[in-house]
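Q: Here it is, the structure, as structure tokens.
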Amino acid sequence: MIPPGFLDRLRQSVHLSDIVAPSVEWDQKKSNFDEGDLWACCPFHAEKTACFHVDNNKGFYYCFGCHAKGDIVSFLRDTKDISFAAAVRRLAFLAEMDIELDIAMNQTQPLPPILTTKDVIVKCFEKEHFLEIGVITGWTSYIQGHDRLLRSLSWGDSDYSGNVLDMLVAMQSRDDGSLEKVQAYVMRKFSNVTTATTHVAAFSNTQQIIGYTYELPRNDVIGVMMPFGGFSEVYDAIKAACTTTALQAKRADEMWGHSMFMRDIMELVNHSAVVICDLTGRNPNVFYEMGLAHAWGRPVIPITQNKNDIPSDLQAHRYLTYLDNAEGRKQLSGDLAKRLNSLLEV
Ligand SMILES: [Zn+2]
């Protein structure tokens, strides 16, 4: 959790105009730089007169044209297309408040159960990590003196997992705070894996119904969810956008015909670094897939030929509209390439 008062102090430490400046050109006549009262053409909509107002003293911006408004965090989030948490993190780094943020976040995160810690260690630890936790906990002689722990790691022996548990149980029974230190270390170093591993238990029910076994996300494809029929040229445009990234597009094609393919859709969503959903025609399957992607924390780029297909709850979500003709699809390809690259760079 972000500590109380942190955002206010962040707003005071970073000038809003410094964050906005790279995205705009200040209107030199209308702006009063000494007073921190600045005007520019709006970065959120196309315009020729400077309707975008930045008030450095209050730390807020407002556009009199499109009514976009907010503070440093929302500006960074919306222009860089990153999450709220990622925006706070970047700003904290700029303000040299990142260490404070890290400490506060670690303190408020509950520690994972011992078996989750074991799973993450088995999956991620190299010898150097054991040496590091030895230094942190004062358990170096136990770790190096254990007759099987490091040896089973380096040989990939089948008793390795049991040896790791052995160590954690020994720490737990000693009750000297070393287990908690190892858990905090594991969370700090492998937070993505820890979170995903904690989720595995919650997904066992889904597994029984759908037949999909939740795996650690690989983030190695761009998932594309769209209705079938009549969308092959749109898909070509999406594929072209994806070639500007290191990842390939993969479409959940024709999967809905058989319920046994549900697991393929889940697998695709889970392994996608980004999910593109074409909401044209309000296809219910695409909405289901988008819900899955949101629930699993995947970034989603909604696209549509008709903005009325975007439900009101999602209007605030940034979506792309396109025309289904050669020029429109080319434009879509360019817009998507920009969004994908800014999402994947974070
Ligand atoms: Zn505007």
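Q: Between the helical axis of 84-94 and the dominant principal axis of the chain, each derived from Cα atoms, what acute angle in degrees is found, rounded to the nearest 10?
A: Computed tilt is about 90 degrees.
Q: Same structure again: When N is the residue count of the chain, what does its C-alpha Rg come to as a fraction of 2.2 N^0.38 Å?
A: Values: Rg = 24.6 Å, N = 346, 2.2 N^0.38 = 20.3 Å.
This ratio for the chain stands at 1.21.
Q: Please determine, in degrees from 0 to 90 and to the nearest 10, the orientation of helix 284-295 with respect to the longest principal axis defined by the Cα atoms of the chain, where the helix direction is its Cα long axis.
A: 60
Q: Modelled label-to-label distance, Lys80 and Ser141, 7 Å Cα→beta-carbon offset: nm?
A: 4.8
Q: So which residue, out of Pro299, Pro217, Pro22, gets the largest mean-square fluctuation from a GNM of the chain using Cα contacts under 10 Å as springs?
A: Fluctuation is largest for Pro22.
Q: Let me ask you something else. Can you list the residues, at least 5 places off or on another chain, whose amide H is less than 5 Å from the amide H of Leu320, using H built in the peptide plane?
A: Answer set, sorted by chain and number: Ile303, Thr304.
Q: Can you work out the accessible area per residue across the range 221-345, with the rest of the protein chains kept in place, probe 1.4 Å, in square angstrom?
A: 47
Q: Sticking with this one: Taking the Cβ of Asn341 as the centre, find all other residues whose Cβ is under 12 Å away and add up their charges (Lys, Arg: +1; Asp, Glu: -1).
A: 0
Q: Ok, one more. Pick out which of Gly36, Gly70, Gly156 has the largest mean-square fluctuation in a Gaussian network model of the chain, springs linking Cα atoms closer than 10 Å.
A: Gly156
Q: Something else now. Would you work out what percent of the accessible area of the chain, with all protein chains in place, is carbon or sulfur (probe 1.4 Å)?
A: Of the solvent-accessible surface of the chain, carbon and sulfur hold 52 percent.
Q: Also, I was wondering about something else. If r is the Cβ-Cβ distance from Arg263 to Asn192 and R0 is 22 Å, what FRET efficiency results, to the nearest 0.05?
A: Details: r = 23 Å, r/R0 = 1.03.
Efficiency, rounded to the nearest 0.05: 0.45.
Q: At 7 Å along the Cα-to-beta-carbon direction for both Arg174 and Lys58, put a label point, then send me their distance in nm to one decimal.
A: 5.8
Q: Between Asp324 and Leu131, with labels modelled 7 Å along Cα→Cβ, what's the label distance in nm to one decimal, could you check?
A: For Asp324 paired with Leu131, the spin-label model returns 6.1 nm.
Q: Would you please give the FRET efficiency between Gln331 and Arg89, computed as 1/(1 + (r/R0)^6) with r the Cβ-Cβ distance and R0 = 30 Å, to the nearest 0.05?
A: 0.40
Q: So, one more: Nearest 0.05, what FRET efficiency do Glu100 and Lys307 give at R0 = 45 Å with Cβ-Cβ as r?
A: The computed FRET efficiency comes out at 0.60.
Q: Next question. Suppose a student asked you for the relative contact order of the chain, using Cα pairs under 8 Å spaced at least 6 residues apart; what percent would you report? It would help to have the intermediate numbers written out before the result.
A: On the way: 452 pairs, mean separation 37.5, N = 346.
The value is 11 percent.
The values are calculated or read from the model by the stated rules, or taken from the named source; none is laboratory data. Remember, predicted model here, so these are calculated numbers, not experimental data. Glycine also receives a Cβ, built like all others from the backbone with ideal geometry; neighbour counts cover every protein chain displayed. These accessible areas exclude ligands, DNA and RNA; they are computed on the full protein's heavy atoms, side chains included. Shrake-Rupley method; radii C 1.70, N 1.55, O 1.52, S 1.80 Å.
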